[in-house]
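Visitor: Structure below; questions to follow.
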Ligand SMILES: [Zn+2]
């Protein structure tokens, strides 16, 4: 085997690195404390990345932190001092539970009502369905 075909073989054996095949990275919420509030600056841009409605995540945060929250423009304001790390830790839980497919690990999912107040997470990439709270 000559050098060129060796190189060719090595190249073919590399794992695929196409843009769409990249592993999904959970976005980081950019939060800071102001007075006795915590403001998430990039709330809406992160929502777009995970393709979820604001109401769902707002409800999740108000329940998890037991604080009122208000949407102000592009930002979400949580009415208590909270550490940004803690917010991102909860947000990671949210993404794992409500966004990422448990079968293929892709974030191309949506949530549907399946009746009787239960919901299912449906994966558009592999078709898996999983019950969510
Ligand atoms: Zn899937």
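Visitor: Any idea what the relative contact order of segment 26-99 is, in percent, if you count C-alpha pairs under 8 Å spaced at least 6 apart?
Guide: 38 percent
Visitor: Note the angle between two axes, namely the Cα long axis of helix 3-13 and the longest principal axis of the Cα atoms of the chain, as a number of degrees from 0 to 90, rounded to the nearest 10.
Guide: Between helix and principal axis, roughly 30 degrees.
Visitor: Relative contact order for the chain: what is it in percent, counting Cα pairs under 8 Å that are at least 6 residues apart?
Guide: 18 percent
Visitor: From zero outward in steps of 10 Å, how is the percent of C-alpha pairs of the chain spread across the bins?
Guide: P(r) over the chain, rounded to whole percents: 11, 34, 26, 15, 8, 5, 1.
Visitor: While we're looking at this one, here's another question. Which residue fluctuates most in the GNM of the chain (Cα springs below 10 Å): 93, 30, 113?
Guide: 113
Visitor: Based solely on C-alpha atoms, express the radius of gyration and the Dmax of segment 26-99 in angstrom.
Guide: Cα radius of gyration and Dmax of segment 26-99 are 10.9, 32 Å respectively.
Visitor: Please check: in the Gaussian network model of the chain (C-alpha springs, under 10 Å), which one of 80, 52, 23 has the largest mean-square fluctuation.
Guide: Of 80, 52, 23, the most mobile in the Gaussian network model is 23.
Visitor: Let me ask something else. Expressed as an acute angle from 0 to 90° and rounded to the nearest 10, what is the orientation of the C-alpha long axis of helix 54-65 relative to the principal long axis of the chain?
Guide: It is inclined by approximately 70 degrees.
Visitor: Determine, for 98, 3, the number of other Cβ atoms within 10 Å of each Cβ, and report the residues in order from fewest to most.
Guide: So the ranking, lowest neighbour count to highest, is 3, 98.
Visitor: Against the longest alpha carbon principal axis of the chain, how many degrees, from 0 to 90 and to the nearest 10, is the axis of helix 84-98 turned?
Guide: The angle comes out at about 60 degrees.
Any read-out appearing in this document is the output of simple, stated calculations on the displayed coordinates, not a laboratory observation. Owing to the predicted nature of the structure, the values given are computational and were not obtained by experimental measurement. Positions of Cβ are backbone-derived with ideal geometry, glycine not excepted, and every protein chain shown enters the neighbour counts.
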